[in-house]
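One structure is given here, and the rest of the page talks about it.
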Amino acid sequence: MKDSDSKNAPISTDRRRVLMGLGAAGAAVAGASLTGNAFAATAPAQVTEAPKSEKTQDHNAFHGLHQNGIVNPRPAAGMMVSFDVLAQDREDLERMFRTLNERITFLMTGGAVPQVDPKLPPLDSGILGPVVTPDNLTITVSVGDSLFDDRFGLESVKPKRLQRMVGFPNDALEADCCHGDLSIQFCSNAPDSNIHALRDIVKNLPDLLLVRWKQEGTVPAQAPLKPGQAPESARNFLGFRDGSANPDSNNQKTMNELVWVQPGSDEPAWAANGSYQAVRIIRNFVERWDRTPLQEQEAIFGRVKTTGAPMDGKTEADVPNYHNDPAGKITKLDSHIRLANPRTAETQRNLILRRPFNYSNGVNKNGQLDMGLLFICYQADLEKGFITVQTRLNGEPLEEYLKPIGGGYFFTLPGVVDSNDFIGRSLLAASAHTTKTA
Amino acid sequence: MKKSPLALLLTFGVLQTSMSAFAATAPLDLVTPVSDYKIYVTENVDTLAADTQKFTDAIKKGDLATAKKLFPTTRLSYESIEPIAELFSDLDASIDSREDDHENGVKAEDFTGFHRLEYALFSQNTTKDQGVFADKLLADVKELQSRIAGITFPPEKVVGGAAALMEEVAATKLSGEEDRYSHTDLYDFQGNVDGSKKIVDLFKPQLEQSDKAFVAKVEKNFATVDKILAKYKTKDGGYETYDKVKEQDRKALAGPVNTLAEDLSQMRGKLGLN
């Protein structure tokens, strides 16, 4: 590639200038609808030319009370990776958190990769080039129930509601896709940016972390909103808008009530400003779904497929009025949205912040597409949140089209407040005195 | 037709000067370890040939029990010299390919060698009709023996072999997919680790000149692997089957194995080799 690039570079520039001129002329002839910036867009690119993004320098501040990747809008690409922690003692565990902190700081900020003697393997995979672009990357670190076993003396400081995920009646959990000591959620504008970050972490912590399972997903992009148009949620692989009734992630008070563990709660003090993360890999039987009548699909969800509006509403943002429909004549009593969120005063405490991605993996043995939803949600109370909601959903008609096969429960660590702090520091500090052997 | 090791090094361009941070190790410093390594490989391939003779004899006699017993120990010396054996990709494919290297799996006509016989002995529990595979394996091993005698060892392949062996462990031994019918993976595991450690040992004086801490870290990780493997040694000097290896030990092996693969990938550079 290098050779041909350098040989062709000046020629292709000339050729492009010529073609651009032609393009503009063509546009002028074609007339009307093309606007000023069509000039650049009409320059014909080579087949191998990279797609353009103006967002590769977007970045999120790593330091803050809470970790990133929770209340931020989902970017187009997400990846959830679960790890086994290989650390042998607390010293190793601290080294793991400090190294993670160092890598995350670099990856979320971006910058030039130090060059080493070319006789050595390079320090970086190089897939983003010699200067790493942050590309809106967030890296969110959470810990699983198994990290609190007898290895590190963390038993006594385990978040009260953290537990090993237990299969629900419709689950068919595959052991290779479940649980883990630690989860890392990567989100950015492009799958390559997430993969770059994962490979950096794998390369830098070979003695401390071992990948247990990984699931990537996407959020489909939409055309920019027209003036006055209400925001719309992205669609899942069943073709329905997902996240319509999510709590307002810009409302700090709501987030404090529903998502962030509060100081002074019944959770260990170190856990304040953390959150519970529930992850579910939910396979969708899409062929069968696509062979289901539209009105049945809509009855199963409780929403209109095209608009995302509730059955008694006009727009996605409309709130269904179940009070006027006690028998479920408009919105079925066992429809997905009615079971998940019955919209009563008592069930307000069960609201969760969903942050899902669509996934597509390949083909199952039966020739059916292996795809579905990488469901991720955050809540201040795992039991009142995901576990209660999912329990209400047990037996819903939608189950016929779903099979959850993996995932796990994790506790998302509090944010890293400044450069003296590091991810996991409060957890280690809280358990320091309980450790028998140093 | 023995070439002098120095001539060999000259041939492979070790004397080229370099602008890089790591000065190339003086070529004379590499002569001894490379020729010592050739002795090590020669001894191992001789053992492999002798062991393969006994192993294939047992198969041809229809002695299933003996053939099963000899399978893992026969492979051990092949696994320890893989960086050199793999220089002959045709032989490596016919001696050591696995079922999943072939689109048609066990039914593939070119699926031969150790794992084809392993499939018959352990999965089908028979030596029936295996004479043709036994003969082919023995012929291939003898061919390997003669080819190894005839080549000069490229120093960068020798030094790079330390990391390559750990990559083997990381890729196919930790998962237990190498010996999927016999579950005798720990023998291969030990063979790979021994072969890797041998190379590090041979170049230790040169490595220590540039980075003592590197050698100490590598040796510590080898010791950790050996310690865990030792837990699964049986009274007869063999190993338990891989399904007996506890989940926590598999994980405990993954850390030092992956770290060795990562660290040893720097060994060529540290010795100034390309």
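The residues of segment A:411-423 that are of a type outside the set (Gly, Ala, Ser) and either out of contact with any helix residue (DSSP H, G or I) (no Cβ under 8 Å at 6 or more places or on another chain) or without any contact (Cβ under 8 Å) to a residue 12 or more places away in the chain (or both), listed by number, are A:Thr412, A:Val417, A:Asp418, A:Asn420, A:Asp421. Restricting attention to segment B:229-254, the residues that are among the hydroxyl-bearing types (Ser, Thr, Tyr) and in contact (Cβ under 8 Å) with a residue 60 or more places away in the chain total 2. Taking every residue in segment A:170-191 that is assigned to a loop (DSSP other than H, G, I, E, B) and pairing it with any residue that is of a type in the set (Asp, Glu), at least 6 positions away or on another chain, the pairs with Cβ-Cβ distances below 8 Å are A:Asn170/A:Glu399; A:His179/A:Asp145; A:Gly180/A:Asp84; A:Asp181/A:Asp84; A:Asn189/A:Asp58; A:Asn189/A:Asp135; A:Ala190/A:Asp135. So which residues in segment A:101-154 are acidic (Asp, Glu), out of contact with any strand residue (DSSP E or B) (no Cβ under 8 Å at 6 or more places or on another chain) and within 20 Å of A:Phe83 (Cβ to Cβ), if there are any at all? Residues satisfying the conditions are A:Glu102, A:Asp149, A:Asp150. Residue-level check: of (1) buried (at least 23 other Cβ atoms within 10 Å of the Cβ); (2) under 17 Å from the mean Cα position of the chain (by Cα), B:Ser89 misses just (1). Only one of the listed residues (A:Glu49, A:Glu102) is away from chain B (no Cβ under 14 Å) and either buried (at least 19 other Cβ atoms within 10 Å of the Cβ) or modelled with pLDDT of 95 or more (or both). That residue is A:Glu102.
Among the residues of segment A:107-122, the ones that are more than 11 Å from chain B (Cβ to nearest Cβ) and surrounded by 13 or more Cβ atoms within 10 Å (Cβ to Cβ) come to 5 in all. I'm checking my understanding of the structure. Among residues of segment A:137-150 that are assigned to a loop (DSSP other than H, G, I, E, B) and free of Cβ contacts under 8 Å to residues at least 40 places away in the same chain, which one is surrounded by the fewest Cβ atoms within 10 Å (Cβ to Cβ)? Among those residues, the one meeting the criterion is A:Asp150. A single member of B:Gly238, B:Gly255 is more than 10 Å from chain A (Cβ to nearest Cβ), of a type in the set (Gly, Ala, Ser) and in contact with a Leu (Cβ under 9 Å, 6 or more places away or on another chain), and it is B:Gly238.
Evaluated against (1) over 25 Å from B:Leu264 (Cβ atoms); (2) touching a Lys or Arg at 6+ places or on another chain (Cβ under 8 Å); (3) of a type in the set (Gly, Ala, Ser), A:Gly64 falls short on exactly one condition, (2). Scanning segment B:186-204 for residues that are assigned to a helix (DSSP H, G or I), touching a residue at least 24 places away in the same chain (Cβ under 8 Å) and farther than 15 Å from B:Val257 by Cα yields B:Tyr187, B:Lys198, B:Ile199, B:Leu202.
Please work out if A:Ser426 is in contact with a helix residue (DSSP H, G or I) (Cβ under 6 Å, 6 or more places away or on another chain), of a type in the set (S, T, N, Q) and at pLDDT 95 or above.
It is true that A:Ser426 is in contact with a helix residue (DSSP H, G or I) (Cβ under 6 Å, 6 or more places away or on another chain), of a type in the set (S, T, N, Q) and at pLDDT 95 or above.
The values are calculated or read from the model by the stated rules, or taken from the named source; none is laboratory data. Source: prediction; values computed, not measured. Please note: Cβ atoms are built from the backbone with ideal geometry, for glycine as well, and neighbour counts cover all protein chains shown.
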